[in-house]
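To start, the structure under review is shown below, and the notes come after it.
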There are 2 protein chains.
Amino acid sequence: MLACNLVRYGIPVVILDDRPDKTSAGKADGMQPKTIETFKQLRLADSLLRNGVRVYDISFWESTENTPLHRKGRQIHYPDHLVGAADPYILLAHQGIIEEVLIVDIEARGVRVTRNSRFVSCSRSPDRQQLTITYEDLSTKTERAISSEYLVGCDGARSKVRDFIPGAKLEGEITNASWGVLDGVIDTDFPDLWSKVAVRSHSVGSILWIPRERNMTRLYVELSSTEGERVDKAKATPEYVMALAKKAMAPFKLEWKSIGTSLADRVVNQVDKIEWFGNYVVGQRVASHFNDEEMQIFIAGDAGHCHSALAAQGANTSMHDSFNLAWKLNLVCRGLAKKSLLATYEDERRKIAMDLIRFDAEHCSAFEQGEAALAKNFDDNIRFISGVGAEYSRDLLTKVQSDPVTNGALRPGALLVPAKVTRYIDVNPVDIQLDIPMLGQFRIYVLVPDLTSMKRFLDAFCARFKDSKSVLGRVSARAQQSYNEKPRGKAASDDYIQPQRYTTVSHLLTLSLVTKSSKLEFEISDLPDVLQQSRWTLYLDDAYEKPCTDKWVGKLDSDQAAVINVRPDGYVGSLSLWSGKEGDKAADWVEEYYSSFLI
Amino acid sequence: MLACNLVRYGIPVVILDDRPDKTSAGKADGMQPKTIETFKQLRLADSLLRNGVRVYDISFWESTENTPLHRKGRQIHYPDHLVGAADPYILLAHQGIIEEVLIVDIEARGVRVTRNSRFVSCSRSPDRQQLTITYEDLSTKTERAISSEYLVGCDGARSKVRDFIPGAKLEGEITNASWGVLDGVIDTDFPDLWSKVAVRSHSVGSILWIPRERNMTRLYVELSSTEGERVDKAKATPEYVMALAKKAMAPFKLEWKSIGTSLADRVVNQVDKIEWFGNYVVGQRVASHFNDEEMQIFIAGDAGHCHSALAAQGANTSMHDSFNLAWKLNLVCRGLAKKSLLATYEDERRKIAMDLIRFDAEHCSAFEQGEAALAKNFDDNIRFISGVGAEYSRDLLTKVQSDPVTNGALRPGALLVPAKVTRYIDVNPVDIQLDIPMLGQFRIYVLVPDLTSMKRFLDAFCARFKDSKSVLGRVSARAQQSYNEKPRGKAASDDYIQPQRYTTVSHLLTLSLVTKSSKLEFEISDLPDVLQQSRWTLYLDDAYEKPCTDKWVGKLDSDQAAVINVRPDGYVGSLSLWSGKEGDKAADWVEEYYSSFLI
């Protein structure tokens, strides 16, 4: 994810992978609603949506001394009134499918993964500007070195890169709870095979069922509880885990079938039918630092946080670490933002990691306690689990007004909320939160319900974008030069996206107008210059049920406007309301936001 | 489209193409709502939807002696209340992109197009069972022969195959109207560049603007009207057509830019910037026959019908010819249906072709007359233009009850109407008209709002499917044998679709239950055997606004059921309502429908 983002932004990267080949099965597999949105923003979601399995509900089963296994309840996983996600489901596809989508995109932009290459060490050059990265080419057993400005370790819980960040250690608890994981095609008369299922068996322990692509099911089988003793790793074989699962699921049948339609079904034993097997010990730990003091060495993903796999958070949180870091690196590498922008990475993502392990500890314990506790745990945390509830605290990038806007759903530090609008230029109905492609640029949405009565506001506000002495004018000119010299990574598919439509005013930002004035009332040529240039991001706020404006900032009067600064990763930076006379003031306010971190 | 369908159904095909390579630009490019649905049914729509441009509206412009060019009006192309399509737009992507999707699918199933191969002749073997097809290998200039049961000419208006169908000739009118067609990137200040635009210029003639993928626009430029003299082909050069267009669009600027971002823009002249140029003379003609008497030689597409390109009907109608023919050929080739089933191809598709040229003649004439006439022509024909209004007359496959069902939208001979339901097994919300993959099988939808009060009906109705002496039982057994011997063409992507889930009861049909009973009220194990086997096609009719049942057949009482026979191409064959006691009678009625054409 990090490499894919950086390659798109036009930042040269070397991707070292110690493995000889792509991931072929198993591992992380659940994409949460926010992650699905992320892949949609990257225009990479199609094949995942086509090939993945969607889980919309969760059912709870229990057996006790006196009652055989029975369903205790069932609930919608992501209720609309709580989560409000455009894709309210978990999308299951094995990690290799997800990686493949990113790799294909990277390769389409001319960059390849360097495989068989194990990171060894990192040292700083005498001038302290560059890092020297040493890695071992495992195929030739030779050591090689690269000189680089930055190093990011996305190298898992046992991260080697983390060792080179002074004082960075995983801190937290490791429990005795351990789990076995099995992917395979299941033959069963258990009725809820295609829901997510949490089973609590009085005799054995807990099992989590997750439906998978290609007719498979993943079972997480508890090998020991926090109170019990940890199961010896040698004992936790697939056979052992399968036997436990069978015992827990009785009286239902539980067998594994061959994957595909091979006749070998009759001769192969059960264990050989498993596509993937893994086991792990639960711990909740977060690294004390996500970067070094010089802000050149970073860690992302499991290198920064470990926890259980039960709530399908790992890959999601990890990809969003990268998603957060990539655009900041781009702006700093290009000399357009202050280096202090990079410090917001740890501020923001370490906070999420802490939120995550806190939740995960509660979630694991609720799993032990059974249906009522688990259902409550879901209810309490469902926005966070879905990813749409991850919120950043106030920092350089997240500004709260003294007079906050509270009538709508948008908040600084939170994601844009999905809304339907009509694109003015071709009257295509679009999802406004997804319509502008991610090019590493900010988005400024100007919500002006009534164009006629707010003409003066718009004229004054827009004039600032033409002012070469303003911060935006100045940095935009430098951005233009930077992207001329180091253009964004292009793929043939860009011809169908036409990214240049979104950087007409500046490579730093896309300007967008959202209005309730009807298409019949105005022509593009009636608008101020910079909005004419932004013709692909003029939106008619004509949704019948819940207009975007009302949803985002609450109903506005005809002499009111809202301005929203949205970060490249889709988080709201700041938002504010303005009256008709305040066009200049609103422009000042925008300038102030960007001048705090742009150079 | 024909080959893609047949390969999927498991029928061996040879595809002869006289061209050396794939289509690289231009030609047919507009997919209508019904065609988009067709590609969705084939699970092939993703890349088209991602890469195509969507046109939702049409605007009308006019100039007269006294008034310069101005907008006369604008309207939504496919208003929901008239068309009700799930995808209410024209999807523009050049013919090569569409062909590529089909070719990739064919190749994924192990079949390749035989290129450089020009059809020469066709003769019948002495036993009159087989055809001998002769073609020229253009790369080696040698003649080759194939022996085949069937020959289908999808070889355009100048079809060679048509010559081998005795008495088959294109009949109809050729007018003097001729048009030039240009694909390119346009530089203009004309404001409606991204709508479909009909321009009527007093001085020059008519122009039709169609937005295209990759920032292009297609212009259809009228070279002469029906009243005038036909423009000499030698005169109708791109330069001539571009000059006409510029004159018609004045005072707006109209220039062509280089495709892509090449700097060559400055030196290349305008004509070299056109990606594709074509011109044609308008005629409305339909072949007198679509097949020979022996029903072994067929024509499809332009070979059977020619007309103007203005309403973007050609490729759409042609693909639906093939879509109609393929599943019939499959059933007859497998010996499961009577040969007379093939006669319904001409009955159904020649009727549509006649409807089409009648509409096209009116459409061309309305184009001449200007905005009011054209807007009216659109209004009157919009369902037909979209493709969802194409209806088949009563024949072997389309049965009308003596007591027709008229409270809902479904009619024998018309398409299923889109509706949202929830799949029982995994509570995924789905579009019911698309959810069952197209495997060449019929679909039988049983709509039972109240499972409890209709238990007796369902038991009796479902029992018939287990009866080996019934028509369906008998033919299903033969179908099983046939598909064992000649399985459907498989692609790796099928692993993600799991087609075998839909042929559990029979390879001839997929049985489906639609109920308003809630998920909490019943388990799959409560249902009759054949519905338990059909677990992937049990639907909860829980749409908040307009339930599927109400939409399809009107509100039903709790002691009522509806049964709908849907053909493999998605057209309703027959439908009927039943009371709780009539399970056996409903089964008889189903048997009767299938026994009229199955062997």
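Inspect segment A:508-515 for any residue being touching a Ser or Thr at 6+ places or on another chain (Cβ under 6 Å) and within 14 Å of chain B (Cβ to nearest Cβ) and give the result as yes or no. No, segment A:508-515 has no match at all. Pairing residues of segment B:517-528 that are more than 10 Å from every other protein chain (Cβ to nearest Cβ) and over 12 Å from A:Asp192 (Cβ atoms) with residues that are surrounded by fewer than 15 Cβ atoms within 10 Å (Cβ to Cβ) and of a type in the set (D, E, K, R), at Cβ distances under 6 Å and at least 6 apart in sequence or on separate chains, gives B:Pro528/B:Asp459. Tell me, yes or no, whether segment B:123-146 has at least one residue that is among the basic types (Lys, Arg), more than 14 Å from chain A (Cβ to nearest Cβ) and touching a strand residue (DSSP E or B) at 6+ places or on another chain (Cβ under 7 Å). Yes.
Listed here are the residues, each with its yes/no results for (1) surrounded by fewer than 17 Cβ atoms within 10 Å (Cβ to Cβ); (2) under 16 Å from B:Asp426 (Cα atoms).
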{"position": "A:Phe39", "(1), (2)": "no, no"}
{"position": "A:Asp57", "(1), (2)": "no, yes"}
{"position": "A:Arg71", "(1), (2)": "yes, yes"}
{"position": "A:Tyr78", "(1), (2)": "no, yes"}
{"position": "A:Tyr89", "(1), (2)": "no, yes"}
{"position": "A:His94", "(1), (2)": "no, no"}
{"position": "A:Ile97", "(1), (2)": "no, no"}
{"position": "A:Val101", "(1), (2)": "no, no"}
{"position": "A:Val104", "(1), (2)": "yes, no"}
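It is to be established whether one or more residues within segment B:120-134 are open to solvent by 20 Å² or more (accessible area, probe 1.4 Å), assigned to a strand (DSSP E or B), at pLDDT below 95 and out of contact with any helix residue (DSSP H, G or I) (no Cβ under 8 Å at 6 or more places or on another chain). Yes; the residues of segment B:120-134 include at least one that is open to solvent by 20 Å² or more (accessible area, probe 1.4 Å), assigned to a strand (DSSP E or B), at pLDDT below 95 and out of contact with any helix residue (DSSP H, G or I) (no Cβ under 8 Å at 6 or more places or on another chain). With a requirement of 1 or more residues that are more than 13 Å from chain A (Cβ to nearest Cβ), the helices (runs of 4 or more DSSP H) lying completely within segment B:20-116 that satisfy it span B:33-41, B:80-83, B:95-108.
Considering segment A:36-86, the residues that are more than 26 Å from the chain's Cα centre (by Cα) and free of Cβ contacts under 8 Å to residues at least 12 places away in the same chain include one that is nearest to B:Leu44 (Cα to Cα), namely A:His70. Within segment A:494-516, track down each residue that is under 16 Å from A:Gly473 (Cβ atoms), without any contact (Cβ under 8 Å) to a residue 60 or more places away in the chain and hydroxyl-bearing (Ser, Thr, Tyr). Scanning segment A:494-516 gives a single hit, A:Thr504. Among residues of segment A:6-30 that are among the hydrophobic types (A, V, I, L, M, F, W, C), those with a beta-carbon under 7 Å from a residue that is assigned to a loop (DSSP other than H, G, I, E, B) and at pLDDT 95 or above at least six positions away or on a different chain give the pairs A:Leu6/A:Val13; A:Val7/A:Val13; A:Val7/A:Arg109; A:Val7/A:Val111; A:Val7/A:Gly489; A:Val13/A:Val111. So, A:Pro12, is that one surrounded by fewer than 19 Cβ atoms within 10 Å (Cβ to Cβ), away from chain B (no Cβ under 14 Å), out of contact with any strand residue (DSSP E or B) (no Cβ under 6 Å at 6 or more places or on another chain) and not basic (Lys, Arg) or not? Taking the combined requirement at face value, the residue satisfies it. Return a yes/no flag: does segment B:310-317 have any residue that is part of a helix (DSSP H, G or I), of a type in the set (S, T, N, Q) and surrounded by 21 or more Cβ atoms within 10 Å (Cβ to Cβ). Yes - at least one qualifying residue is present in segment B:310-317.
Pairs meeting the criteria (first residue in segment A:414-430 and within 16 Å of A:Gln41 (Cα to Cα), second residue assigned to a loop (DSSP other than H, G, I, E, B), beta carbons under 6 Å, at least 6 apart or on different chains) are A:Leu415/A:Val388; A:Leu415/A:Gly570; A:Leu416/A:Gly570; A:Val417/A:Ala409; A:Pro418/A:Ala86; A:Lys420/A:Ala543. Of all the listed residues (B:Lys551, B:Lys546), the sole one being surrounded by fewer than 16 Cβ atoms within 10 Å (Cβ to Cβ), more than 13 Å from every other protein chain (Cβ to nearest Cβ) and more than 28 Å from A:Thr188 (Cα to Cα) is B:Lys546. The test for being of a type in the set (S, T, N, Q), open to solvent by less than 10 Å² (accessible area, probe 1.4 Å), closer than 29 Å to A:Tyr78 by Cβ and modelled with pLDDT of 95 or more does not hold for A:Thr188.
Have a look at B:Tyr539, B:Tyr496, B:Tyr502 and point out the one that is within 12 Å of another protein chain (Cβ to nearest Cβ), in contact with a helix residue (DSSP H, G or I) (Cβ under 9 Å, 6 or more places away or on another chain) and crowded, with 17+ Cβ neighbours inside 10 Å. Just one listed residue meets the conditions, B:Tyr496.
The values are calculated or read from the model by the stated rules, or taken from the named source; none is laboratory data. Since this is a predicted model, take the numbers as computed values, not measurements. Cβ atoms come from the backbone with ideal geometry, glycine included; neighbour counts cover every protein chain shown. Side chains included, ligands, DNA and RNA excluded: accessible areas come from the protein's heavy atoms. Shrake-Rupley method; radii C 1.70, N 1.55, O 1.52, S 1.80 Å.
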